[in-house]
Amino acid sequence: MKTILNLIYIVIATITLYACTAEHAIGEPVLQDTKGMMAINIITGDVQVDEYVYSARFIVFDNVSTYPTVDINQMVILDKNNVWSFNTYLKVRHNQDKALIVILNEPDALTRTLESVSSPYDLNTIKFQMADIFNQNHTAIGTKGIPMTGIVHNISITESHADENSALAQELRVERAVARVDIWFKTYPWFEAAVTENTKITLSRSYDEGYLVGPDIFFGSDMQTVIPNKEVVWQHTGVPLKIGYESSRYCSFYTPERTCDAANHNDKLILTIEGIDTEEGQRRAVTTLLDFADMTNLEPLTMREVRRNYVYKTTANIHREKIEFYTTISPWTNVKQDVILDPQYFLTVSEDNLYLPNYQDRADVIAITNYDHSDRNYPDGICIGETRYYTKTGEPVTDTNSLLYGWLRVALDEKEGYLRREIEYSNMQEIKIPEHNGCYAIAEVKAGNLTKLIRINR
């Protein structure tokens, strides 16, 4: 499978970090000709809740291919909510054999261990506990976010990188330390089914811990081989949700990376679905995540590992007298996020990734919600929120006079207060500049306390 990961572009900066080294403590003067600058811009993904960044640790090593030593080991705590992009500088020693690892959202339980790292090999055995990151059933993320790591080798810092204007630009990749298992439901046409308070989904053969850093030539560990023994459960609460003819996501579990290649398949993930209401009575079904499609093979493949930064999407198609299952595997950011559950309320959109490259190109999106409370100080029905603009490298555009700002028109239909509305997105930029290809906007769709983000690409 072709691995498509989130990119971290190292390009510009706003915060300067001073290294704590054996020769110079934080705040002590450093000879200018012994230090160089790296400028880092971190972008984690498509602005979903599991891309948010709350902290970042930067560890830079010198002489990586011979006798690695730590140049800097520095933590940055972000003081804003819902951050998925930020900028910083690193001031590092001159060395032509450097490597950088970035650890985002490290669990508090690992902070002391990470502070004491003295070589890349110290990272090989560091494990996190799922309980330090997620709720009891591994269905919701805690307040510190999902750990993510990125590594880049062969960095050379010389006298030419003396200041912010000449800081080194470098690209590296970041991966979430866990996989995600999504459960989607759909029904056969003209067959009635619903998720109710009796609906329960169980993921069996998960696990309680995982390696923080994935396999790498110098950093990180091999993929863990364990006897998976964790069972986690999702239970629907609130009003019943009708299952539609088009698939929608109802539940997600997070699970650590590991092998699952036992000959008797007794280490494969298992999903048990109970209490689906249908016109023929309640349904129960069990499936083992054994075979999958990765969109590049015509024949199903057998699952051999649970890979970090991937989403295992299992769709349950509810027919008369049976439930059929179909599993696909995709890189995390390739997965459509068309349902947000409260969990008792939902907001769905027909499309969340649009392409409008030319002047007056337009696209229509249908938004549907069941959020019908008018007593909670929210506007009735579906409405539109803020629109934000970005360059093709993900840098926010705040200059209102820029040609990259304000090019998108967002218009709702006239059915104010309705729970189903049509939204029109139009490219209103008459001047087309080739260098602007790839820029995009993020537009909010809102219903009560629910927000769905639509990405519009140019």
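Below, the figures for the structure above:
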| read-out | value |
| --- | --- |
| Gain upon complete extension [Asp97, Ala263; 0.36 nm per residue less C-alpha separation] | 55.5 nm |
| Gap separating the Cα centres of the range 145-181 and the range 348-424, nearest whole Å | 33 |
| Chain lengthening between Glu416 and Asp122 when straightened (0.36 nm per residue, less Cα-Cα) | 100.0 nm |
| Point-to-point label distance, Thr143-Arg362, nm (Cα→Cβ direction, 7 Å offset) | 4.6 |
| Calculated from backbone phi, Karplus (6.51, -1.76, 1.60) coupling profile of the range 233-250 in Hz, x at Gly/Pro | 10, 10, 10, 6, 10, x, 5, x, 10, 6, 8, x, 6, 9, 5, 9, 7, 10 |
| Reachable lysines from Lys432, criterion Cα separation under 27 angstrom, eight or more residues apart if same chain | Lys392 |
| Karplus-derived 3J(HN,Hα), 6.51/-1.76/1.60, for each residue of the range 387-399, Hz, glycine and proline x | 10, 10, 10, 9, 6, 5, 9, x, 7, x, 9, 10, 6 |
| Relative contact order of the range 378-425, defined on C-alpha pairs under 8 angstrom at six or more residues apart (%) | 40 |
| Tyr355 paired with Thr393, simple spin-label distance in nm, labels 7 Å along Cα-to-beta-carbon | 2.4 |
| Table column - 3J(HN,Hα) (Hz), the range 135-144, Karplus curve with 6.51, -1.76, 1.60, x for Gly and Pro | 6, 4, 9, 6, 10, 9, 8, x, 6, 9 |
| Reachable lysines from Lys98, criterion Cα separation under 25 angstrom, eight or more residues apart if same chain | Lys35, Lys127 |
| Virtual spin-label span in nm between Arg409 and Thr328, 7 Å along Cα→Cβ | 3.3 |
| Segment Glu209-Asp163, extension gain: residue separation times 0.36 nm, minus the distance between their alpha carbons | 12.4 nm |
| Amide H contacts under 5 Å for Asn370, placed H, 5+ residues apart | Phe346 |
| Computed E for Val226/Val286 - FRET, C-beta separation, R0 35 angstrom, nearest 0.05 | 0.95 |
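Every number here is computed from the coordinates shown, using simple stated rules; none is lab data. Note that this is a predicted model, so its numbers are computed, not measured. As a convention, Cβ positions derive from the backbone with ideal geometry for all residues, glycine included, and neighbour counts pool all protein chains shown.
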